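The structure appears right after this line, and notes come after that.
Taken together, the values in this text are just the output of simple stated rules run on the coordinates, not laboratory data. What you see is a predicted model, and the numbers here were worked out from it, not measured in a lab.
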């Protein structure tokens, strides 16, 4: 008889049983959830380990998410200008005149405290160059 067979040793009792509760397996995080958690780590005084613990993550996983976010940020900047909020403001017409004054179309950019107005008919390449130059200086 083998000593490894527990059925042949009736005097041996089981002393401890572990019951594992909860969901097993990998959790799936949405891009929005990852962005929100990474944003928490960027707040002044925040510690990555504390934020990770609060959300049930390891610090290594959170650092990987931060690295991924930086890569995406650099890639989007390299892609060139993207959509920005725009506000269209028409030139006022004078009520005293019989003929209304035609509104002048313009693009007004306010980046880093610098305001630039680009008149009607400007080429897209010039607008793009102005935006890149403003971003580089701010």
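Key figures for this structure:
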| quantity | calculated |
| --- | --- |
| Length added when fully stretched, residue 32-residue 66, from 0.36 nm per residue minus Cα-Cα | 10.9 nm |
| Gain upon complete extension [residue 40, residue 58; 0.36 nm per residue less C-alpha separation] | 5.0 nm |
| Cα radius of gyration and Dmax for the stretch 26-78 (Å) | 11.2, 34 |
